[in-house]
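Asker: Sharing a structure with you now.
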Amino acid sequence: MLDLIASWPGEFVVTQFDQPTGTWIFIAIHDSTLGPTLGGVRMKTYPTPVDALRDAMRLAEGMTYKWAGLGIDRGGAKSVLAVPHPIQGEERRALFHRFGRLVASLRGAYTGGPDLGTTPEDLGTIQEETEYAHGWDHEHDRPLDPGPYTALGVFGGMRAALRHAFGSDDFHGRTVLIQGVGDVGLPLAKVVREAGATVTLTDVDQVRAARVAKEVGAKTLAPEQAYTHKCDIYAPCAVGATVNAKTVPVLACRIVAGSANNQLGEPADGDRLHARGILYAPDYIVNAGGAAALPSLSKGADEADVVKRVKAIEGTLDEIFAEAKAQRISPAAAAQRRVDRVLAEGRKRRG
Ligand code: PHE
């Protein structure tokens with residue numbers, strides 16, 4: 001673990017071991033060049049605490065690029081609560097209260113939001129301890145769920161990818177595989193279906209997959225068949241690293257565009273996709289809709305304004321695909337160049 005921290009290019013890691021629940025808590029602050037950091041709070045069980053720390057670090061880096069890609073002046077961070085087993089009820093609330101006090105002690109250097117394994121209600125509990133969290137609107141007593149906005153951003157990204165790959169963004173006659181029907185996968189399945197595509201769903205929870213399939217008019221597939229399923233668009237909307245040295249050779253899609261964070265196992269997978277002629281919508285660009293929406297939603301911004309910000313993702317992807325084509329590089333590399341430019345400008349401004 002010490003080696004991992006020593007070799008990390010990020011800024012710092014806040015660590016706490018929560019005695020009552022046996023939870024390792026890590027807040028990874030990756031880069032505050034563009035502003036105070038903002039990133040989701042993930043709750044999950046991990047094989048070891050080191051795996052949790054590594055996840056926090058990689059996700060924090062992704063958030064830095066997500067803000068840079070959006071042109072929003074926030075820095076990248078993520079927190080992970082590595083619970084030994086699922087925690088519910090009062091014990092869960094007490095854990096989030098303690099976590100909230102930890103966040104409060106950072107005095108704004110980090111702000112949290114919902115992520116895999118945490119709900120708007122959980123964020124509401126954190127907000128009872130600190131103003132530096134988004135997810136629950138205490139004024140109107142309602143959840144602020146970024147999921148549908150993330151889905152809307154991915155949908156726009158799919159349209160840009162369809163235009164680039166096929167010359168038309170018509171979803172009729174197109175086949176889309178959505179892996180994971182959670183907070184984003186479900187609303188995404190609905191809009192893609194409404195646009196006219198044939199939709200196939202997978203989820204580790206097969207009962208849930210079947211229920212959602214019936215609700216939206218889709219088919220289901222066993223989770224392990226996701227990678228070899230022939231389709232136009234593969235949309236990873238669950239865990240990360242599903243696009244890797246093992247899956248890329250067998251993928252039978254033309255486009256990868258989904259909401260999961262850290263979809264590539266390693267940066268080289270972006271080039272592997274490119275070499276196979278599979279168009280990749282870089283994850284931190286295409287899945288930034290929730291991030292684009294959440295801070296302004298909490299401030300009570302106008303809904304039309306928020307939707308406009310989310311819809312801008314489609315144009316950003318058009319530019320990235322065009323740059324990739326002109327420079328003969330992968331879209332993953334083009335996106336990286338783009339956010340590196342934004343960060344370099346930010347550093348210059350800061351002096
Ligand atoms: N967890 C989501 C994401 O990674 C939504 C989110 C955005 C949460 C910004 C907090 C801050 O984009």
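Asker: Within the stretch 213-233, does at least one residue satisfy the condition of being among the small types (Gly, Ala, Ser), surrounded by fewer than 20 Cβ atoms within 10 Å (Cβ to Cβ) and free of Cβ contacts under 8 Å to residues at least 12 places away in the same chain?
Answerer: No - not one qualifying residue is present in the stretch 213-233.
Asker: Kindly provide the set of residues from the stretch 153-173 that are part of a helix (DSSP H, G or I), under 22 Å from THR202 (Cα atoms) and open to solvent by 50 Å² or more (accessible area, probe 1.4 Å), ordered by number.
Answerer: ARG159
Asker: Still on this structure, please answer the following. If you scan the stretch 99-135, which residues turn out to be out of contact with any Pro (no Cβ under 8 Å at 6 or more places or on another chain), away from the ligand (no atom under 12 Å from the Cβ) and not in a helix (DSSP H, G or I)?
Answerer: Scanning the stretch 99-135 gives LEU106, ARG107, GLU128, GLU129, THR130, GLU131.
Asker: If a residue must be surrounded by fewer than 20 Cβ atoms within 10 Å (Cβ to Cβ) and polar (S, T, N, Q), how many such residues does the stretch 26-47 contain? Steps first, answer last, please.
Answerer: Filtering the stretch 26-47 for residues surrounded by fewer than 20 Cβ atoms within 10 Å (Cβ to Cβ) gives 35-36, 44-47.
Add one more test, that the residue is polar (S, T, N, Q), and what stays is 45.
Of the residues in that region, 1 qualify.
Asker: Here is a follow-up. So ALA161 passes all but one of these: (1) out of contact with any strand residue (DSSP E or B) (no Cβ under 7 Å at 6 or more places or on another chain); (2) of a type in the set (A, V, I, L, M); (3) not assigned by TED's automatic domain parsing to the domain that holds ALA52. Which condition number does it fail?
Answerer: It fails just one condition, (1).
Asker: Evaluate the following for TYR284: is it away from the ligand (no atom under 16 Å from the Cβ), aromatic (Phe, Trp, Tyr) and buried (at least 23 other Cβ atoms within 10 Å of the Cβ)?
Answerer: no
Asker: So, PRO9, is that one away from the ligand (no atom under 12 Å from the Cβ), under 19 Å from ALA94 (Cβ atoms) and surrounded by fewer than 18 Cβ atoms within 10 Å (Cβ to Cβ) or not?
Answerer: no
Asker: Kindly indicate whether ALA301 is surrounded by 14 or more Cβ atoms within 10 Å (Cβ to Cβ), at pLDDT below 95 and farther than 24 Å from ASP169 by Cα.
Answerer: Values: surrounded by 14 or more Cβ atoms within 10 Å (Cβ to Cβ): no; at pLDDT below 95: yes; farther than 24 Å from ASP169 by Cα: yes.
So ALA301 does not fit the description; no.
Asker: Here's something else I'd like to know. If I filter the stretch 55-77 for residues that are away from the ligand (no atom under 16 Å from the Cβ), in contact with a Ser or Thr (Cβ under 9 Å, 6 or more places away or on another chain) and modelled with pLDDT of 95 or more, do I get at least one hit?
Answerer: The answer is no, given that none of the residues of the stretch 55-77 is away from the ligand (no atom under 16 Å from the Cβ), in contact with a Ser or Thr (Cβ under 9 Å, 6 or more places away or on another chain) and modelled with pLDDT of 95 or more.
Asker: Only one of (1) over 26 Å from ILE313 (Cα atoms); (2) surrounded by 17 or more Cβ atoms within 10 Å (Cβ to Cβ); (3) of a type in the set (Val, Ile, Thr) fails for VAL176. Which number is that?
Answerer: So VAL176 meets the others, but not (1).
Asker: Go through (1) open to solvent by 50 Å² or more (accessible area, probe 1.4 Å); (2) closer than 18 Å to ALA291 by Cβ; (3) touching a residue at least 60 places away in the same chain (Cβ under 8 Å) for TYR132 and report which single condition fails.
Answerer: (3)
Asker: Another one. Can you go through THR37, THR33 and tell me which one is touching a strand residue (DSSP E or B) at 6+ places or on another chain (Cβ under 9 Å) and within 14 Å of the ligand (Cβ to nearest atom)?
Answerer: None of the others qualify; the one that does is THR37.
Asker: Does ALA293 meet the test of being surrounded by 22 or more Cβ atoms within 10 Å (Cβ to Cβ), closer than 26 Å to GLN327 by Cβ and within 16 Å of the ligand (Cβ to nearest atom)? Give the derivation first.
Answerer: Values: surrounded by 22 or more Cβ atoms within 10 Å (Cβ to Cβ): yes; closer than 26 Å to GLN327 by Cβ: no; within 16 Å of the ligand (Cβ to nearest atom): yes.
Against the criterion (surrounded by 22 or more Cβ atoms within 10 Å (Cβ to Cβ), closer than 26 Å to GLN327 by Cβ and within 16 Å of the ligand (Cβ to nearest atom)), ALA293 does not qualify.
Asker: Right, another one. State whether one or more residues within the stretch 79-92 are more than 16 Å from the chain's Cα centre (by Cα) and within 11 Å of the ligand (Cβ to nearest atom).
Answerer: No, every residue in the stretch 79-92 fails to be more than 16 Å from the chain's Cα centre (by Cα) and within 11 Å of the ligand (Cβ to nearest atom).
The values are calculated or read from the model by the stated rules, or taken from the named source; none is laboratory data. These numbers were taken from a predicted model, which means no experiment stands behind them. As a convention, Cβ positions derive from the backbone with ideal geometry for all residues, glycine included, and neighbour counts pool all protein chains shown. These area figures cover heavy atoms from the full protein model, side chains too; ligands, DNA and RNA do not enter into them. Shrake-Rupley method; radii C 1.70, N 1.55, O 1.52, S 1.80 Å.
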